[in-house]
């Protein structure tokens with residue numbers, strides 16, 4: 001995956017992007033309550049590619065943050081809240097913790113070092 005493809009993948013998953021698609025990882029997570037492993041792997045690959053290329057595009061970074069925020073603050077938090085009806089259909093407790101760690105790690109590598117260490 002090259003940087004342009006990675007940016008397109010991020011845009012397709014970004015909830016506020018005009019390129020957002022319901023069949024993206026985030027689209028399926030939101031609409032179908034399904035954690036699509038293949039689509040998640042593609043999103044992880046895109047974020048890793050952007051990290052490797054040291055992407056500083058503000059729009060892409062904002063979209064990545066929106067994706068991270070939705071996954072962590074809406075989907076995963078709602079999934080483990082007993083008072084919320086939202087449940088990711090194909091996610092048990094073990095997978096929940098593994099995927100939460102994956103999301104945290106891949107997005108932190110992309111956003112964390114850039115966001116908090118600028119001079």
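Axis of helix 3-13 versus longest Cα principal axis of the chain: the two differ by about 30°, to the nearest ten degrees. Entry note, the stretch 3-116: relative contact order of 29 percent, from Cα contacts under 8 Å with a spacing of 6+ residues. Considering the stretch 1-68 at the alpha-carbon level, its Rg and Dmax are found to be 11.1, 33 Å. With 0.36 nm allotted per residue and the present C-alpha distance subtracted, the residue 54-residue 31 stretch has 5.1 nm of extension available.
Over the stretch 3-116, the pair-distance histogram of Cα-Cα distances with 5 Å bins from zero comes to 2, 12, 24, 26, 19, 11, 5, 1, 0 percent, rounded to whole numbers. Per-residue extension of 0.36 nm, minus the Cα-Cα distance of residue 3 and residue 101, leaves a gain of 32.9 nm for this segment. Helical content of the chain, expressed as a calculated mean residue ellipticity at 222 nm, amounts to -16500 deg cm²/dmol (DSSP H runs of 4 or more residues, -39,500 (n - 2.57) each, divided by residue number, nearest 500). The angle between the Cα long axis of helix 58-69 and the main principal axis of the chain comes to about 20°, on a 0 to 90 degree scale.
Bear in mind these aren't lab numbers, they're just calculated from the coordinates by the rules spelled out. Remember, it's a predicted structure, so these values are computed and weren't measured experimentally.
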